[in-house]
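To start, the structure itself, in structure tokens.
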Amino acid sequence: MMAPSRLFLATAVLQFAGSLCAQGPVPEIPFDSAPNFLKLPERVYMGEAAGVATNSKGNVLVYTRTGTNATSGASRTFTHGGSRLFEFDRNGKFVRDIGQGVYGFLFAQAVRVDPSDNIWVVDKGSNMVIKFNPEGRVVMTLSRKPESVGEGGGRGGGRGGAGAGAGIPGDNFNRPTDVAWDAAGNIFVSDGYGNARIAKLDRDGKFIQSWGSRGTEPGQFDTPLSIATDLVGNVYVADRGNKRIQVFDNNGTFKTQFTNAGAPWAICISPGPHQYLFSSNSNDTGTLDDGEIYKMELDGKILGKFGRAGKLMKEFGTVNQIDCRNPNELYVSELTNWRVQKLSLRPSQ
């Protein structure tokens, strides 16, 4: 028999999800896309655009997969140099290539910029989160790149912990997916492909706690792909495999979940006194299904949606990250279309 407290939690979640599903038709948000916004130098190319972010000056950071270099040893394969981090000014002009040749650049996953304009990259190939200062120098590393890639690649999933995917306490990541911060500077990492957990560290990188394991219950995850925080420190997690966004307090206590926005792949919360949540129901890389992006209130109410999967402008090819520093001017990075689009949302007629 289910314990009374768990029964109450399950009932509350079902009632809340049911109220959201009863919203009715979702309005379409009109929008435009700036054609050929980013200008790369000659003989420099974009690969899969895994991450996009902007800094306080409006400059655009793009973390892209450019191909892995592999060297075979007697019994092991060593990999290096599979990704690059580009910076463009607010008009799309190329500024610089940051961290070229950095040891942890292997298979790009995400890039974020914190309130002090430090640049954080998440690399799921090296299992690392790397912090650069605004000048482009490495100032912090979290986790450690495997010394070699064995058969099947990377580390095995779900090591240690109380359940499958709970991982090992500390910054021992297994194919991490995203990073976020609260107002105190605490760091939250979604450790999502090999593990199924959220790790919390202090501003200096010292491990505080982690929560989650692989499963379908509240507080469990099936591929947590993206993470964001709001002004009061709540943590939002795109639990793609379970087709929901889960919301936790700052210490990892489950609060609620939203099940009305498809299977979230990338999420972003805008700054300012009235925050919005954007969530991409991205198409899988082998299909052109779905692909729309939802604009939501932080309580899960959907305000509208825009876009669909496709190859043309204003269509999306597996959006892997959203930047929403300005909630009316978004940047989206696409894996299968090898590009970043700058989107301008227009008021509904």
Each residue of the range 35-52 in order: what ³J(HN,Hα) in whole Hz does its phi give by Karplus 6.51 cos²θ - 1.76 cosθ + 1.60, θ = phi - 60°, with x for Gly and Pro? x, 6, 5, 8, 10, 8, x, 4, 6, 10, 10, 8, x, 4, 7, 7, x, 9
Residue farthest toward the positive end of the dipole of the range 193-349, with Cβ of Lys/Arg at +1 and Asp/Glu at -1: which of PHE248, ASN337, ILE267? ASN337
Output the peptides 169-179, 90-100 sorted from most to least packed, where packing is the average of other Cβ atoms within 10 Å over each peptide's residues. 169-179, 90-100
Extension length gain for ILE208 and MET140 (0.36 nm per residue less Cα distance), in nm, is 22.8 nm
For 244-251, 53-60, 320-327, ranked highest to lowest by mean beta-carbon neighbours within 10 Å, the order is 320-327, 244-251, 53-60
Ranked by how many other beta carbons lie within 10 Å on average, peptides 126-136, 257-267, 276-286, 27-37 from highest: 257-267, 276-286, 126-136, 27-37
Straight-line reach from LYS39: which lysines have Cα under 19 Å away, leaving out those fewer than 8 places along the same chain? LYS57, LYS93, LYS314, LYS342
Check cross-link reach from LYS301 to the lysines: straight Cα distance under 23 Å, and skip same-chain residues fewer than eight apart. LYS243, LYS255
Amide H to amide H under 5 Å from ILE29: which residues, 5+ apart in sequence or cross-chain, H placed 1.01 Å off N in plane? LYS305, PHE306
Rounded to the nearest 20 debye, what is the charge dipole size of the range 211-312 about its Cα centre when +1 sits on each Lys and Arg Cβ and -1 on each Asp and Glu Cβ? 180 debye
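Where a number appears in this text, it was derived from the coordinates with a stated rule and is not lab data. Here the structure is a predicted model, which means the values were calculated and not measured. So basically every Cβ, Gly included, is an ideal-geometry build from the backbone, and we count neighbours across all protein chains shown.
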